[in-house]
1. Restricting attention to segment 196-237, which trypsin sites (Lys or Arg not before Pro) occupy a DSSP loop and are surrounded by at most 14 other Cβ atoms within 10 Å?
2. Taking the chain as a Gaussian network, where each spring joins two C-alpha atoms under 10 Å apart, which residue of PRO305, PRO242, PRO109 fluctuates the most?
3. Report, in whole Å, the centroid distance computed from the Cα atoms of segment 163-207 and segment 304-358.
4. Determine, for each peptide in 258-267, 168-177, the mean count of other beta carbons within 10 angstrom over its residues, then list the peptides with the highest first.
5. If you roll a 1.4 Å probe over the heavy atoms of the protein chains, what accessible area per residue do you get for the chain, in Å²?
6. Taking each full run of DSSP H in the chain as one helix, which ones are at least 27 Å long along their axis (Cα atoms) and have mean Kyte-Doolittle hydropathy of at least -1.0?
7. As a test of the formula, what do you get for the chain when each DSSP H run with n ≥ 4 contributes -39,500 (n - 2.57) and the sum is divided by the residue count, at 222 nm and rounded to the nearest 500 deg cm²/dmol?
8. Of LYS193/LYS386; LYS193/LYS229; LYS146/LYS363, which ones are farther than 25 Å apart at the Cα?
Amino acid sequence: MTRKHHPPPQAHHHRQRWPRWLLLALPLLCLPILYAALGSARSPLGGRQQAPLPPPRLAYLISGGAGDGPRIRRLLAALYHPWNYYLVGVAGDEDRADLEAFVRGEEAPRRYGNVRVAAPGEWAAVSRRGPTELAATLHGAALMLKEFQGWSWFINLSASDYPLMPQDDLLHIFSYLPRDLNFIEHTSSIGWKEHQMARPIIVDPALQISNKTEVITTKEKRSLPSAFKIFVGSPWVILSRPFLEFCILGWDNLPRTLLMYFTNFLSSSEGYFHTVICNSKYYQNTTVNSDLRFMAWDNPPRTHPLNLTTEHFAAMADSGRPFAHSFTYDDPVLDMIDAELLKRGPDHFTPGGWCLGSPVGGKDPCSFFGRSFVLRPMKGSGKLEKLLLKLLEPDNFRPKQCI
């Protein structure tokens with residue numbers, strides 16, 4: 001009689017458990033495939049990470065002199081977004097009162113409380129070529145740090161500047177950027193500026209006389225410093241919050257030392273931040289050598305850029321830059337920018353994802369609004385993305401830092 005072979009109890013037990021183990025392991029084995037599939041959607045800047053939510057907040061300092069009130073009012077309407085913060089500094093009392101009335105009369109700024117007009121004691125006339133302009137910028141940044149929380153970048157604009165794209169486009173693309181980047185055009189090749197800006201000894205009367213804004217230069221000259229290297233560039237910047245905290249809160253002595261030096265530097269706003277950031281081991285690798293402004297220059301270039309007109313509109317629209325400098329008061333090209341780039345009606349805010357109204361019949365689409373962080377980017381965001389990709393290319397980014 002043939003005896004049937006039965007497997008040992010232990011072997012039989014393992015054969016029963018193997019399918020259950022496999023079923024439990026399958027979900028774990030599928031996780032890498034799932035993550036790869038979820039990460040396959042590329043971000044606008046070519047990465048594989050999804051944009052963080054909510055988007056970054058921008059802190060704008062808008063400044064002007066007496067008589068600039070109407071220009072600042074138009075600029076503020078073109079720039080306004082409930083997600084951002086705005087500090088307006090203007091020297092004229094009538095202009096200040098008009099801007100305060102404008103902010104109080106608009107429902108969105110009144111509800112969100114994100115626009116502040118500097119009080120008379122907080123803002124005064126400054127010297128364009130003296131240190132009082134730099135002092136005003138630092139004061140504005142300090143007020144931003146004190147009163148507005150959670151913003152990521154500080155942007156300074158003057159009454160002669162204007163945006164070239166809606167804030168939704170800018171916020172959308174900046175959502176994909178590291179929050180420590182600093183957009184600041186700079187160079188250590190100061191050339192003629194050594195003798196005209198760095199060596200002269202100057203006095204800025206605006207430091208002590210309210211109605212005097214012309215800088216006085218003396219015959220004496222001073223030598224260039226040896227303790228640090230001077231960098232100069234555009235006074236228009238987009239600076240990260242950590243770097244501004246470094247400059248203002250003063251946990252390192254470098255910003256204070258350089259501030260004392262640049263009180264005797266013509267057009268100190270064209271050298272202070274540039275010299276601080278490039279002489280700091282903490283921040284010199286965070287620079288992007290561009291101010292993201294569109295400007296037109298003579299050939300050879302003079303001290304100041306040309307005033308932009310309709311002749312420059314096509315170049316501005318294709319530049320991918322979010323801002324342009326400079327414009328004369330109510331130049332017709334501003335109407336073209338409003339209509340074709342910002343899609344903004346007269347005396348309206350630039351529409352975005354936060355606006356829920358209809359523009360039919362010339363109505364203001366932002367008269368009804370919803371969530372402030374909702375973005376609806378347009379084609380301008382693609383041009384800005386293309387520009388940033390070029391600026392951040394490995395052969396273009398690191399080699400142009402603090403050179």
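1. Hits after loop and neighbour filter: LYS212, ARG222, LYS229.
2. So, out of PRO305, PRO242, PRO109, the one fluctuating most is PRO305.
3. Going from one Cα centre to the other spans 21 Å.
4. So the peptides 258-267, 168-177, ranked by packing, come out 168-177, 258-267.
5. 51
6. Answer set is 9-38.
7. After summing the helix terms and dividing by the residues of the chain, the value is -10500 deg cm²/dmol.
8. From the list (LYS193/LYS386; LYS193/LYS229; LYS146/LYS363), the Cα-Cα distance tops 25 Å for LYS193/LYS386; LYS146/LYS363.
The values are calculated or read from the model by the stated rules, or taken from the named source; none is laboratory data. All values reported here derive from a predicted model rather than from experimental measurement. With ideal geometry, Cβ positions are generated from the backbone for all residues, glycine too; neighbour counts draw on all protein chains shown. Quick note on the areas: whole protein, heavy atoms, side chains included, nothing else; ligands and nucleic acids left out. Shrake-Rupley method; radii C 1.70, N 1.55, O 1.52, S 1.80 Å.
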